[in-house]
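Structure first, then comments.
The values are calculated or read from the model by the stated rules, or taken from the named source; none is laboratory data. In this text, all values refer to a predicted model and were calculated from it rather than measured experimentally. No Cβ is skipped: glycine too gets one built from the backbone with ideal geometry, and neighbour counts run over all protein chains shown. Accessible surface is based on the protein model in full, side chains and every heavy atom, while ligands, DNA and RNA are left aside. Shrake-Rupley method; radii C 1.70, N 1.55, O 1.52, S 1.80 Å.
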Amino acid sequence: MSTSTILSIRNLSISFKNEISEQLAVNNINLDMKRSQTTAIVGESGSGKSVTAYAMMQLIQPPGKITSGEIIFSPAQQDSFDILQLNDNSPALYDLRGGLMSMIFQEPMTALSPVHTIGNQIMEAILTHQAIPKQAAFDLAAAMLERVGIQNSRERMHQYPFEFSGGMRQRVMIAMALVCQPQILICDEPTTALDVTIQAEILALLKELKATIDISVLFITHDLAVVAQIADQVIVMNQGRILETGSVRQILNDPIHPYSQGLIAAVPGMKRQPRLDAISNDSTRHNYGVHPLIAIKGDREVALPMPLIPAEYQL
Amino acid sequence: MTTRNLLEVTNLSVKFPLLKRGLLSKQVGEFTAVDQVSFEVQRGSVLGIVGESGSGKTTLVRAILRAIEPSSGSVLFQGNDGAVDLCQLTHKQLMPLRTQMQMIFQDPFASLNPRMKVADIIAEPLVIHHPEQHLQHRQQVIKMLERVGLEADSLHRFPHAFSGGQRQRIGIARALILNPSLVICDEAVSALDVSVQAQVLNLLADLQEEMNLTYIFVAHDLNVVHHFCERALVMYRGAVVESGPVDQIFTSPQHDYTKLLLSAIPSLDPDIKLAPLDRNSLDLG
């Protein structure tokens, strides 16, 4: 593994089992996250993108189960290790969650506790991971809130989540996630619940933070326009499989996989057209998902059945 | 009122009382959620209403249906028996008119009763408005299901067994079963993934043609409005700041708030960087 890879997932499978059937939410995927870059996972609901991210922090709850694979994490100035080998109550896992790696969720209202003040919740994150006095933690938290664009942070530390608007709550989430200076930040659809103007503000904030802090970001979304604005690398997922990986320009300007092409065509554009090209479920499930081969050209990968693979690609 | 217009809204305002906290709460002021809004909707057209959350879009459309009582103004509706001002009617007088205007809601999870089967959900408007024809209800429900692209075996299942897009189809079937002329879509596709959103938008467009519907389409996604609507209103803090054909709004926005909204749309091209205007530097009135 090269030093520029901060996280590498190998042959990961996650299944959800009920009385009747077993569903593979993630089906034998491989992916690499490059250090200090933004990697985006795109896909519809049910494609396994969130589950993959949850597995990175060992947050898969029963009936979900990681059936195989490894997630190799190589933090800076530390030896790399397999996250999936960590014991449930090992100190290394506590360090990982919120310390080395943290997460921003889609719905800030449900991710924040309604009965604790904002300050309390951010300080909890700090005090869990650092042995510093409470006053220092308070100062640190207030400075972080200021950093993410919340004014009067010292007064606002004493307020509850319901006193904040949706965009402000998401800023609080970002502050909470970044306060322990993690090396990987996972953003699970952080702007999906927001208005377009607020979304633009949050994206601008994330970009600005990314430029000043050395951090690797995993960005999960179904909105390709957001991907275009924020990502370096793009991974297209569907039905638990990775269909295509490449740089943001490769995927958006020249998608190879028919499913990626469909996703892009389904975005209502600024040019008017009578009908949108919706993706029909049958086409993805039956034609592309079964027995694909992985073809590679340079740093681009695509999973397709044999007849559909472009000639310049190698298996 | 010309017969070409299905709906004419004039100076519609909705005010909510601001109450002092306490046991004997006293009214200390008023909050104007919708402020003197006027517009008209032509029969067979699609009017978009855009604005950020809190701008009064939903309050406006609910006030049109009298789901929220408007404080002042008039809503002239061209019903099957001539034009009426919805604001002047009693609830009893409104009942027969309600069959002609229906609503599709944003959240396909919250807007369907989890304890009712799909057949009962879709039939409920019929049970309320046409109880005397109960023998034909089932037939109508099956026809409607087919029309919105759901299998007939969906009838006896509960909403939890369906995906978000399918649930939205159930909501659409419920809204259209009474054969309304005006359908209000309140963020009907906002909660859906882009590919499912495309399917639902296509379905709404097909149904409009087949059933000769008029839509009022509330959304905060400007691309969707641009794709789907012919005219649009831009709302900010309860007031309409700009209105006109969507192409005109998108190519030459007049109001600063419209410019702000347009500048916040991320482009699909990674080389076109998002550069939202600064809210504080604009004259938003």
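What to note about this one:
- Here the condition is being away from chain A (no Cβ under 14 Å), open to solvent by 10 Å² or more (accessible area, probe 1.4 Å) and under 22 Å from the mean Cα position of the chain (by Cα); of B:167, B:174, B:115, it holds for B:174 alone.
- Scanning region A:192-210 turns up one or more residues that are within 14 Å of another protein chain (Cβ to nearest Cβ), of a type in the set (Gly, Ala, Ser), part of a helix (DSSP H, G or I) and open to solvent by less than 20 Å² (accessible area, probe 1.4 Å).
- Checking residue A:177 against (1) open to solvent by less than 10 Å² (accessible area, probe 1.4 Å); (2) more than 17 Å from residue A:147 (Cβ to Cβ); (3) more than 13 Å from chain B (Cβ to nearest Cβ), the condition it does not meet: (2)
- Pairs, first aliphatic (A, V, I, L, M) in region B:136-155, second outside any helix (DSSP H, G or I) and surrounded by 20 or more Cβ atoms within 10 Å (Cβ to Cβ), C-beta under 8 Å, six or more apart: B:141/B:177; B:144/B:177
- The C-beta contact set for region B:268-283 (first residue charged (D, E, K, R), second residue outside any loop (DSSP other than H, G, I, E, B) and surrounded by 10 or more Cβ atoms within 10 Å (Cβ to Cβ), distance under 8 angstrom, 6+ apart or interchain) comprises B:269/A:228; B:269/A:252; B:269/A:253; B:271/A:249; B:273/A:229; B:279/A:197; B:279/B:260; B:283/B:256.
- Being open to solvent by less than 20 Å² (accessible area, probe 1.4 Å) and under 17 Å from the mean Cα position of the chain (by Cα) is a property that holds for residue B:200.
- If you go through region A:229-241 and keep only what is more than 9 Å from chain B (Cβ to nearest Cβ) and open to solvent by less than 30 Å² (accessible area, probe 1.4 Å), you end up with A:234, A:235, A:236, A:237, A:238, A:240.
- Among the residues of region B:134-144, not a single one is closer than 23 Å to residue B:186 by Cβ and either open to solvent by 50 Å² or more (accessible area, probe 1.4 Å) or modelled with pLDDT under 90 (or both).
- Filtering region B:40-65 to residues that are away from chain A (no Cβ under 14 Å), open to solvent by 20 Å² or more (accessible area, probe 1.4 Å) and of a type outside the set (S, T, N, Q) leaves B:40, B:43, B:44, B:62.
- Test: residue in region B:241-257 that is open to solvent by 30 Å² or more (accessible area, probe 1.4 Å), in contact with a strand residue (DSSP E or B) (Cβ under 8 Å, 6 or more places away or on another chain) and either at the interface with chain A (Cβ under 7 Å from one of its Cβ atoms) or of a type in the set (Asp, Glu) (or both): no
- Matching entry among B:151, B:132, B:210 (being within 14 Å of chain A (Cβ to nearest Cβ) and acidic (Asp, Glu)): B:151
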